[in-house]
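The values are calculated or read from the model by the stated rules, or taken from the named source; none is laboratory data. Model, not experiment: these values are computed from the prediction. Reconstructed Cβ throughout: ideal geometry from the backbone, glycine too, with neighbour counts over all protein chains shown. Each accessible area value is taken on the protein alone, full model and side chains, heavy atoms only, with ligands, DNA and RNA left out. Shrake-Rupley method; radii C 1.70, N 1.55, O 1.52, S 1.80 Å.
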Amino acid sequence: MSSSLQPRTPPPTKEEPPPEFLCPITLDLMRDPVAAPTGITYDRAAISSWLLSGGQRTCPVTHGDLRAADLVPNHTLRRLIHDWCAANHHAPRVVERVPPATPEEAAVADVEAAARAGDAERCAAAARWVQRLARLTEQNRLLLASAGAARALAVAFASFADDDAAAGIGGDALDDVLATLALVAPMDEEAVVAVGSSRASVARLVAAAANGGRQRRLQAVVMIRQVVSLSFHRYGIDLSANADAIAQVLVKAIRDAVCPQVTRTCLVAAYHLSYAGGEGAAARLAAAGLVPVVVELLVDADRGTAEKALAALDAALASGAGRACARADALAVPVLVKKMFSVSDAATELVLSALLRICKKWPEDAEDNAAAKGRRLAIIEALQVGALQKVLLLIQAGCRDETKEKATDLLRLMVRYQGKVECVDTMDFRGLKRGTTVLTT
């Protein structure tokens, strides 16, 4: 049979680009994606043509108000399109390099270039340039965010922190990068991973959070919270090498009462650290002194701080070390009972959970007589300060099934001791003797 009659093999099917890479106007792969404040990304040529033709002033998709000056480059999407084109052998002309068109893009490009070159002083100067731009107007900050400033600064911070020669760089250079990174926050996931996946950069953040002025410590703890929170979702961030140091610096910052924002940020970070690291992380926080520090804070805390403090405390009580600290603290049970119904519904549920952790029998209670005694004394103390009445009221008033189950469990523990103690009708902590479980009127 002639070769001309042989069946021909069909050419391989060309991979179609994902729909989010296509311009909503032309339905073609975007060459220069720009984001509109309406949340839609277009190819620059297409949306510019739309706005210039017929005096259009609306977004083609949402019909919201839109001007050409509102468009900002979508560098994240540009990188994704570039990667897809490279992987699928797409025509390179589609992703041709576009020089920086704005001062914001130029500043970010300078940060990236300095980081690639390993020039810390140049990077610090570029970071200060980004700072000046960010402080001018809100529009500048939006343009910097669109230009990928947070990611560029995060990569630079991690790169210089990881460098073996970092000791010779000088703290000021990294401080400039850190201050600028905090200014252009919040960081996206890519930026957080860049910092969190570097042990050296996390260690630098811990050092900055432990010492220095209020602003420097605030910047550091905000970034630590972002890293810890993302590690809670298992994004490949391993904090084990710095876990002890993170726990210690969070407790130290709370104890130092740097400012309310630092305190609340550290409480949120402690909560996420406990759940991300399991009982081991909760035990580290307890060893660092979280329980007495948070209990003391709860005495006069405002609503927002109290809710975060209760969440952090409840998480720390998931460990035997945390429960031992709470049982040994003369303020813990009275303060928790006082906060029931006095803050918010969410706070009341957290109080209930914390009290149940303290009063419930755990494996260590069967092996340690001191732990078992501490548990019994905690139950008696809860009865003395009126926990039984409040738990009954909670059940009668109605609550979620999970909360009701915890309340019922706590009620069963307390009724065994009912009648053996006298309820003390006071929540005045001035009569409380520290180091004991005795309340006096």
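Structure data summary
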read-out	value
Selection status of Gly212, open to solvent by 20 Å² or more (accessible area, probe 1.4 Å), modelled with pLDDT under 85, out of contact with any strand residue (DSSP E or B) (no Cβ under 6 Å at 6 or more places or on another chain) and more than 24 Å from Ala312 (Cα to Cα)	yes
Residues located in region 67-80, provided they are surrounded by fewer than 19 Cβ atoms within 10 Å (Cβ to Cβ), under 15 Å from Ala45 (Cα atoms) and of a type outside the set (Lys, Arg)	Ala68, Ala69, Asp70
Test set (1) assigned to a helix (DSSP H, G or I); (2) modelled with pLDDT of 85 or more - Val61 fails condition number	(1)
All positions within region 42-66 that are open to solvent by less than 30 Å² (accessible area, probe 1.4 Å) and within 23 Å of Thr76 (Cα to Cα)	Tyr42, Asp43, Ala46, Ile47, Cys59, Leu66
Within region 108-138, tally of residues that are of a type in the set (Asp, Glu) and either in contact with a strand residue (DSSP E or B) (Cβ under 9 Å, 6 or more places away or on another chain) or surrounded by fewer than 14 Cβ atoms within 10 Å (Cβ to Cβ) (or both)	2
Count - residues of region 266-292 that are among the small types (Gly, Ala, Ser), in contact with a Gly (Cβ under 8 Å, 6 or more places away or on another chain) and within 16 Å of Ser229 (Cα to Cα)	1
Scan of region 330-347 for residues that are surrounded by fewer than 21 Cβ atoms within 10 Å (Cβ to Cβ) and within 16 Å of Leu317 (Cα to Cα), ordered by number	Ala330, Leu331
Options Ser240, Ser274; residue that is among the hydroxyl-bearing types (Ser, Thr, Tyr) and open to solvent by less than 70 Å² (accessible area, probe 1.4 Å)	Ser274
Conditions (1) part of a loop (DSSP other than H, G, I, E, B); (2) open to solvent by less than 20 Å² (accessible area, probe 1.4 Å); number of the one not met by Gly39	(2)
Helices (runs of 4 or more DSSP H) contained in region 331-441 and holding at least 2 residues at pLDDT 80 or above and over 22 Å from Pro292 (Cα atoms)	387-397, 401-415
Contacts under 8 angstrom Cβ, first residue in region 371-387 being in contact (Cβ under 8 Å) with a residue 40 or more places away in the chain, partner outside any helix (DSSP H, G or I) and open to solvent by less than 10 Å² (accessible area, probe 1.4 Å), 6 or more apart	Ala387/Met340
Residues (within 18 Å of Leu285 (Cβ to Cβ), out of contact with any Asp or Glu (no Cβ under 9 Å at 6 or more places or on another chain) and among the small types (Gly, Ala, Ser)) located in region 221-253	Ser229, Ser240, Ala241, Ala243, Ala245, Ala247, Ala253
Residue within region 14-33 that is among the hydroxyl-bearing types (Ser, Thr, Tyr), assigned to a loop (DSSP other than H, G, I, E, B) and either open to solvent by 30 Å² or more (accessible area, probe 1.4 Å) or modelled with pLDDT under 90 (or both) present	yes
Exclusive hit being among the charged types (D, E, K, R), touching a helix residue (DSSP H, G or I) at 6+ places or on another chain (Cβ under 7 Å), open to solvent by less than 40 Å² (accessible area, probe 1.4 Å) and at pLDDT 90 or above, set Arg225, Arg217	Arg217
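Let's see how each residue does on (1) of a type in the set (Ser, Thr, Tyr); (2) part of a loop (DSSP other than H, G, I, E, B); (3) under 16 Å from the mean Cα position of the chain (by Cα):
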{"position": "His272", "(1), (2), (3)": "no, no, yes"}
{"position": "Gly278", "(1), (2), (3)": "no, no, no"}
{"position": "Pro292", "(1), (2), (3)": "no, no, no"}
{"position": "Leu297", "(1), (2), (3)": "no, no, no"}
{"position": "Ala301", "(1), (2), (3)": "no, yes, no"}
{"position": "Gly304", "(1), (2), (3)": "no, no, no"}
{"position": "Glu307", "(1), (2), (3)": "no, no, no"}
{"position": "Ala311", "(1), (2), (3)": "no, no, yes"}
{"position": "Asp314", "(1), (2), (3)": "no, no, no"}
